[in-house]
Every structure is written in structure tokens, then in C-alpha cells.
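The values are calculated or read from the model by the stated rules, or taken from the named source; none is laboratory data. As the structure is a prediction and not an experimental result, all values here were calculated from the model. Glycine gets a Cβ as well: all are built from the backbone with ideal geometry, and neighbour counts include every protein chain shown.
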Amino acid sequence: MTGVGGTVAPAALDSLRDKEITFFMLANQLPLLQAGQTPPAVSRQNELYCGDNASKMKDRWFKKLSVVAFSDPNDILSYTIPQSFSADFMDSRLCATTTNVVVAVAKPVSLAVTSMASPQVAHTAYDADERVLGLMTYGLGENQPPKGCSWLKYRAATADPAG
């Protein structure tokens, strides 16, 4: 892991190695931002870096990085994170798990024959949606998605495709 001007101090890496961090992405564009990038040098090897008995635990960057990606189906610039993306483009040393939360933050407007939601509102209104704020603040609570939300959680990819 490198920072501005070179390397990160070993003490900083040691302090992160046992941290569990949750990273929220609103109007997720991670797959779009990754387009054309080279995959990381270390992928599909989570079992070597993650977990209390992992053989390369001292080389991991975090104990666990939870990436929660919010997207509105009415937003044409927002995407869920595909399982293959997580396996191929997220470095195994991150010990990352991904959760996609699909929630319509833009309210549809009824038209004569159909209804439509504003793509701009769908891309920007996450901070005004109580369901999104509740999930970010309190988590799942009773392990049930709030009304009007759905999500998929992918298990970590392994080196063995049969996994």
C-alpha cells in the first residue's frame, strides 16, 4: 500500500490490518470507473489473506472492508457491483465483501400511459431518503431490508472457481 510520496509507515499498516471498515457508495459507479483498468496483482485469493487463520494475514490491508453500494434503478449512471467484478477487480488483501442495495430514491411521476422518475433525482437524492440514512446509521436492524429496498450480498471469491 502506497501513499503520497511513496510508502505508508509500517505502524499505519499494522493499525489498519485489524480494522473492520464499512465504505458506502451512493450512486455507485465503481464498475464504470474500473473500465479499462488492469486487474490487481492479487485477486481471487481471499482465503490466503482474510480470516483469523489465514496464511498471509500479516500481508492483508484490512481485517474486513465492507463495500455497500447504493443504486437507484432509475439512475442510468449508477450500477450494482457484479460478483465477477468483486472477484476480479478488488485486491484480495482488502478482504472486501460487497453488498448491493437497490432502492428507488426518486419518486415516479405518473404520465398518461406510464410513470417515470427523474434520473437526476435518482442519482442525487440518497441523502434525503430515510431508508438509505437508516441503513447507513443503524445497519440492518432485524436483518430485513427496509420497505422498498432489495439487495444481493456476494460471498468472497476463492482461488478455486468451484469455490
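Annotations for the structure displayed:
- Output for region 13-32, where each listed residue is modelled with pLDDT of 75 or more and not in a loop (DSSP other than H, G, I, E, B): Asp14, Ser15, Leu16, Arg17, Glu20, Ile21, Thr22, Phe23, Phe24, Met25, Leu26, Leu30
- Subset of region 74-87 that is in contact with a helix residue (DSSP H, G or I) (Cβ under 9 Å, 6 or more places away or on another chain) and not aliphatic (A, V, I, L, M) - its residue that is farthest from Ser115 (Cα to Cα): Phe85
- Qualifying residue in region 63-75 (condition: β-branched (Val, Ile, Thr) and either within 19 Å of Phe23 (Cα to Cα) or part of a strand (DSSP E or B) (or both)): yes
- In region 97-139, the residues that are surrounded by 18 or more Cβ atoms within 10 Å (Cβ to Cβ) and under 26 Å from Arg60 (Cβ atoms): Thr97, Thr98, Thr99, Asn100, Val101
- Residue match in region 79-97 (condition: in a strand (DSSP E or B) and within 17 Å of the chain's Cα centre (by Cα)): yes
- Single residue of region 98-116 satisfying the filter (at pLDDT below 85 and in a loop (DSSP other than H, G, I, E, B)) that is farthest from Ser43 (Cα to Cα): Ala112
- Lone unmet requirement of (1) touching a Ser or Thr at 6+ places or on another chain (Cβ under 8 Å); (2) surrounded by 19 or more Cβ atoms within 10 Å (Cβ to Cβ); (3) not basic (Lys, Arg) for Leu94: (1)
- Residue in region 121-134 that is of a type in the set (A, V, I, L, M) and either modelled with pLDDT under 80 or within 30 Å of Leu48 (Cα to Cα) (or both) present: no
- Unique match (being out of contact with any strand residue (DSSP E or B) (no Cβ under 6 Å at 6 or more places or on another chain), at pLDDT below 90 and not hydroxyl-bearing (Ser, Thr, Tyr)) among Ala69, Ala35, Ala54: Ala35
- Region 32-72: number of residues that are free of Cβ contacts under 8 Å to residues at least 40 places away in the same chain and within 17 Å of Asn100 (Cα to Cα): 1
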